[in-house]
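Right, one structure below, let's go through it.
Values in this text are rule-based calculations from the coordinates and carry no lab data. Bear in mind that the values here come from a model prediction, so they are computed numbers and not experimental data. FYI the Cβ positions are ideal-geometry reconstructions off the backbone, even for glycines, and counts take in every protein chain you see.
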Amino acid sequence: MPSRVKPGRWRSEFLQLNSTHPPTTAVLKINMENTKMFMKRTKIIAALMLATAASIGNAAAEGGPSDMEIAHIAYTAGNLDIRYAHLALAKSDNPDVREFAELMIRDHTSVNDQALALLQKLGATPVDNATSQQLSANAKAKRDELAALDGAAFDRAYAENELGYHQFVNKTVETAFIPAADNKEFKSLLGSALAVFKIHEDHAEMMVKSLR
Ligand SMILES: [Fe+2]
């Protein structure tokens, strides 16, 4: 049985990261260190639990995010980035910002289509959950904030939001979702998606610098 992170704690770590969105590097670091420490502790607890047959049922019941919860969160995160991009195309005249937004729509649509194809093949349905809902609520607040800005102020805020968003999503995918994923094909898809999202993060970082 794979090691898992307890759902309550895992979710609070994730939401704490997102609530500081866009997170500062320091907050991100502290959160990731907490997560690593917690995951280490959880692995020990999981091993102890597995030592007794009677605990196996409990371990499964208290497992971390399931593949279908992860799929729902990742799909939601992709869709939210697509929505930010549509807002940028509606508001910005900056060619670099527009090019980045078009790339986000193209890449996240492609990754989400691949995820849907895999889910269809597996006969699985993503499971809505509190994390997906919180992610959507936070993004709605951020979209409202961005929509109130114009010109260079909008461009800077969009670029900074894209950088913070990708930093936080990428860290979560890399340190929580990929390790927790059970299905090999799903894990592999998360890995290839992460490679694309890391390119986005680098691109967003350059965009932030160029707009300063
Ligand atoms: Fe992206």
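Considering region 172-212, and only residues there that are among the charged types (D, E, K, R) and away from the ligand (no atom under 14 Å from the Cβ), the residue that is farthest from the chain's Cα centre (by Cα) turns out to be Arg212. Of the residues making up region 116-171, those that are within 16 Å of the chain's Cα centre (by Cα) and under 18 Å from Ile199 (Cβ atoms) number 11. Scanning region 85-105 for residues that are under 23 Å from Lys198 (Cα atoms), buried (at least 16 other Cβ atoms within 10 Å of the Cβ) and in contact (Cβ under 8 Å) with a residue 60 or more places away in the chain turns up Leu87, Ala88, Asn94, Val97, Phe100, Met104.
Within region 106-127, count every residue that is within 16 Å of the ligand (Cβ to nearest atom), free of Cβ contacts under 8 Å to residues at least 40 places away in the same chain and not hydroxyl-bearing (Ser, Thr, Tyr). Residues that pass the stated criteria total 4. The set of residues in region 79-105 being within 12 Å of the ligand (Cβ to nearest atom) and within 15 Å of Asn161 (Cβ to Cβ) consists of Leu80, Asp81, Ile82, Arg83, Tyr84, Ala85, Ala88, Phe100, Ala101, Met104. When Ala139, Ala157, Ala130, Ala153 are screened for being within 15 Å of the ligand (Cβ to nearest atom) and either in contact with a strand residue (DSSP E or B) (Cβ under 8 Å, 6 or more places away or on another chain) or of a type in the set (Gly, Ala, Ser) (or both), only Ala139 passes.
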